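Structure, as structure tokens:
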Amino acid sequence: MQIIENDKIKEIMYKEKLDNGMDIIIIPKKGEQKKYIIWGVNFGSVDNKFILGDSNEVTKIPDGIAHYLEHKMFEQRSGINSLDALCALGVDANAFTTNNFTAYLYECTDNFYEALDEFMDYVQNPYYTTENVEKERGIIEQEIAMYDDEPEWQLYMNTMKLLYNKHPMRIDIAGTKESIAEINENTLYTIYNNFYTPENMAIVIVGDFKPDEILQEIKKRIIKKASNVKITRVTEDEPEEICGKKMEVKMDISRPIFMVAYKVKMKKENMVKKDLALEILGNIILGKSSNLYQKLYNEGLISSEFGFDFEYARDYSHFVIEGSSEEPEKVIEEIKNEIDFYLNQGINEENFERIKKKVYGDMVKDYNDVRTIGNQTMSYYFKGINLFDFFEEFDSISKEYTEQILKEVFDENKKVISIVKNKE
Amino acid sequence: MGEKQILIKEGIKAHFIETDLFKTNLICVILTTKLERDNVTKNALIPFLLRRGTNNLKTQTEINKKLEEMYGATYDCGIDKIGDNQALKFFVETINDKYTLSKENLLEESLDVLFDIIFNPLMKDGKFNEEYLKIEKENLKKVIESKIDNKAVYALNRCIENMYDNKGFGIYKYGYLEDVDNIDNSSISDSYKNLINNSKIDIYISGNFDENKIKSFIENKLSNINPRKEDIITNNFSTESKQKVENIKEIQEEMNITQGKLVMGLDVLNPGKDIQDAVNVYNAILGGSANSFLFQNVREKAGLAYTARSTYNKMKSNIFINCGIEIPNYEKAVNIIKEQLNNMKDGKFSDDDLENAKRFIIAGIKTIEAEQDTEIVFYIGQEIAKQKIEIKDYISNIEKITREDVIEAAQNIQINTIFFLRG
């Protein structure tokens, strides 16, 4: 097993590639009562076009299929629903689908190995029938309806539609009522057989474990499958330009919310460093101690913090800023002016050092809970990043580098604005 | 492990939870008073004013810079409804000194900042800054207005308000729009002084620290704060007497939404003895987990909902059922839910259902100590309800619950109010 240590947070990580190509990552936490396991599949909502084997034919699959499949993994041939079975063991089991991957997981204090039997069994044994696939449609339709009423989600989806011309980030993870109508047991099996293959999956385990022991237990439960399917993901040629500048909708909400986003050009570079620099920049420009925050707060234009995030995966990256205000246009203009100020004047050394310290503290705080550690490790794994890299790269982030990223990312021509207003 | 209580002076307690499981220390100071329509809005405004500055850190920016320097210590204040009480919860989370880059002493520093914010606000001649008051009244209004934004929480709040006729537990914890305008500087300054002088104060610290040092630090910091008689409402199994409901209240409200939100408020009639653990198990079978009757029947079998669950409010002896459903399915969903309640009364649940439910609850109890904030919230609840129980006893009490206990509890559970938020 490969051993990776981090001195700053005093943690250690074990990594092993199994014979079948699947990666197992173990993060032992001595004395921790909770145990967490997450099984990730490198298949998310953006994977909607691919070529099978050596054919030339591009297969397009219905939007929302990764999420639909996730819902349908729990049903077993025996008639048992694995979610119920896990629940009966007193473990907290769940699954989720993101743009980039699908994950199955559970957290527990007791019965870890009993649960592991069920867990590894269901992820490796799909059972889809016309009837059970049909039954799920109503449930997922209600899940979609729930998101339709969530202003924050609509705000975000509109932002994605403005940023991307062709890229499937434009599409809702759960799909639409219409797109999921096309899904049946055959489409689900095709996806499962082609994407749920060992080299396309990984497991992360966090808790009070002996690495060798838990690794053996995992190995014992892996089902050998012949896997020689070659999948080529087809990615759209997404232009560097944005798709639209601004979108505004009205919903039942107490006060307008807005999102400003910058499309960031993809290139070969150290994404960990870029991520850290943008975290620092976000705090300097928009954070609670920033001039902008204090000014807008005193003018009564905002009353709570801005949110910001740098989101990226293998073929997209963007930086989003969100907030709420009675006068979103005015606040958006002030954000622009503030960014211009920093573009012209650069960053103040004292601010930089203080914020850097804060960002470090935020990273340490994130390393508290087995579930957060597991989820983050998994999410970064599919980006080709080890979570410890953030601590390793931290010292190397200079003011100069951060200013360079500032100039690169905050380009007015790559900026989009999404607003959800309240009905009068 | 466990909580150690130290009486600082009458009405003021420190609660130490020593653990080295976490990378952080968490401090939480809670000021608790009775929920009253006359005071709720003013009390809700106080945390907004306190974050504007102290006599040492004169502006909000100074406070925020100070927190950033402390490795981004997180400061926040929340307002909670605990039974019939309003609790102002101020907290700071810092990384443990072990993980600082140059061995700083963050715990004392953060206690210092927290006490400074709560007990030493920027005031002149006993009054808050006029300008700040004006802005923060607007900010509070925004919070009150945002009640409609999360539809599921809104529907739950509306159900509770109707059940309790807008009194006690039925008061909205952030207060009322129409009361904000009437607040002036002298009334809010009086409210603040009243809160500091008369509320029940509890200080929770979870993490890795030297108890004696921190105890004397707190005593020293609070030397000017007077002792007080606790004046809160105790809610527990012996205090909540419910009337038998003749007619179920049915309320429907319209909003521009695609998915309807159904909330049912249930009363647990008081049979004169502690049936909390049995009701807890009852609730888990009914709607606690993915194995529950609600999840299985409303969602999995009928495919009517994505969300279908119930939660038990021990202090108020209520169970609340929540479902997100298609609007025309209202009657259908209500009937399926009623059928589940009847099945519970008739004892139509298996031994597996019972065991699964108990295991589900016990698994939850076992994670209490594994999460810093959950553990503090657990002890706060005990403190306010005056019901002290050790984690291991809590677990063995649940283990002891029999099928008969649950059936008996079921006979005492009735629907009080059905609230439906529709498009």
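Considering every alpha-carbon pair of the stretch B:62-139, the percent of pairs per 5 Å bin, from zero through the bin containing the longest distance, is 3, 12, 18, 19, 19, 14, 8, 5, 2, 0.
Out of the trypsin sites (Lys or Arg not before Pro) in the stretch A:78-181, which ones are loop residues according to DSSP with at most 16 other C-beta atoms within 10 Å? Taking the stretch A:78-181 and a limit of 16 other Cβ atoms within 10 Å, the loop trypsin sites (Lys or Arg not before Pro) found are A:LYS166.
Here r is the Cβ-Cβ distance between A:LYS421 and B:LYS193 and R0 is 41 Å; the resulting FRET efficiency, rounded to 0.05, is 0.50.
Summed over both chains, the contact between B and A buries some 5300 Å² of accessible surface at a probe radius of 1.4 Å. If you sort B:CYS28, A:CYS243 by accessible surface, 1.4 Å probe, largest first, the order is A:CYS243, B:CYS28. In this structure, no residue pair taken from A:LYS407/B:LYS65; B:LYS13/B:LYS81; A:LYS10/A:LYS274; B:LYS134/B:LYS173 has a Cα-Cα separation over 27 Å. Every Cα-Cα pair in the stretch B:249-422 was counted, and those over 19 Å apart are 58% of them. Taking every DSSP helix (H) stretch of at least 4 residues in chain B, weighting each as -39,500 (n - 2.57) and dividing the sum by the residue count yields a mean residue ellipticity at 222 nm of -12500 deg cm²/dmol. Computed over protein heavy atoms with a 1.4 Å probe, the carbon and sulfur contribution to the accessible area of the stretch A:307-421 reaches 42%. Each principal axis of the Cα atoms in chain B has its own extent, and those three values, largest first, are 63, 47, 41 angstrom. If you look at the Cα atoms of the stretch B:1-138, you get an Rg and a Dmax of 16.3, 49 Å. The alpha carbons of the stretch B:263-354 give a radius of gyration and a Dmax of 13.0, 41 Å, in that order. Annotation for the stretch A:40-121: GluC sites (Glu not before Pro) lying in DSSP loop with at most 12 further Cβ atoms inside 10 Å of their Cβ are A:GLU57. Surface listing: B:ASP346, A:ASP309 arranged by accessible area from highest to lowest gives B:ASP346, A:ASP309, probe 1.4 Å. The accessible-area loss of the stretch A:337-363 on complex formation, taken against its chain alone with a 1.4 Å probe, reaches 40 Å² or more at A:ARG354, A:LYS357, A:LYS358, A:TYR360. Shape class for the stretch A:24-128: prolate, because the ratio a/c of the largest to smallest gyration tensor axis (alpha-carbon atoms, square roots of eigenvalues) is 1.5 or more and a/b beats b/c. Here B:LYS213 is the anchor, and the aspartates and glutamates within straight C-alpha reach of less than 20 Å, apart from those fewer than 8 places off in the same chain, are B:GLU3, B:GLU18, B:ASP20, B:GLU93, B:ASP97, B:GLU104, B:GLU108, B:GLU109, B:ASP112, B:ASP116, B:ASP202. Per-residue mean of foreign Cβ neighbours for A:202-214 is 0 (Cβ atoms of other chains, 10 Å radius).
Using just its DSSP H runs of length 4 or more, each adding -39500 (n - 2.57), chain A gives a mean residue ellipticity at 222 nm of -12500 deg cm²/dmol after division by all residues.
Cross-link partners of A:LYS135 among lysines, defined as those whose alpha carbon lies under 19 angstrom from its own and excluding same-chain residues fewer than eight positions apart: A:LYS72, A:LYS177, B:LYS301, B:LYS332.
Other protein chain C-beta atoms within 10 Å of residue C-beta, averaged over B:19-25: 4.
Shielding by partners for peptide B:364-372, expressed as the average number of C-beta atoms from other protein chains within 10 Å of each residue's C-beta, is 4.
Expressed in units of 2.2 N^0.38 Å, where N is the residue count, the Cα radius of gyration of the protein assembly as shown is 0.96. Ranked by the mean number of other Cβ atoms within 10 Å of their residues, highest first, the peptides B:209-222, B:256-269 fall in the order B:256-269, B:209-222.
The 1.4 Å probe gives accessible areas that order B:ASP97, A:ASP275, A:ASP121, largest first, as A:ASP121, B:ASP97, A:ASP275.
Fully extending the segment from B:LYS345 to B:THR59 would add 97.1 nm, taking 0.36 nm per residue of separation and subtracting the current Cα-Cα distance.
Spin-label model, B:SER396/A:LYS265: points 7 Å from Cα along the beta carbon direction are separated by 7.0 nm. Within chain A, the selection of entire DSSP H helices by a Cα span of 30 Å or greater along the long axis and an average Kyte-Doolittle value of at least 0.0 returns an empty list. Annotation: extensible slack from B:ASP373 through B:ILE251 equals 40.4 nm (criterion: 0.36 nm per residue apart, minus Cα-Cα distance).
The values are calculated or read from the model by the stated rules, or taken from the named source; none is laboratory data. Remember, it's a predicted structure, so these values are computed and weren't measured experimentally. Cβ: placed from backbone, ideal geometry, glycine included. Neighbour counts: every protein chain shown. For accessibility, only protein heavy atoms count, side chains too; no ligands or nucleic acids. Shrake-Rupley method; radii C 1.70, N 1.55, O 1.52, S 1.80 Å.
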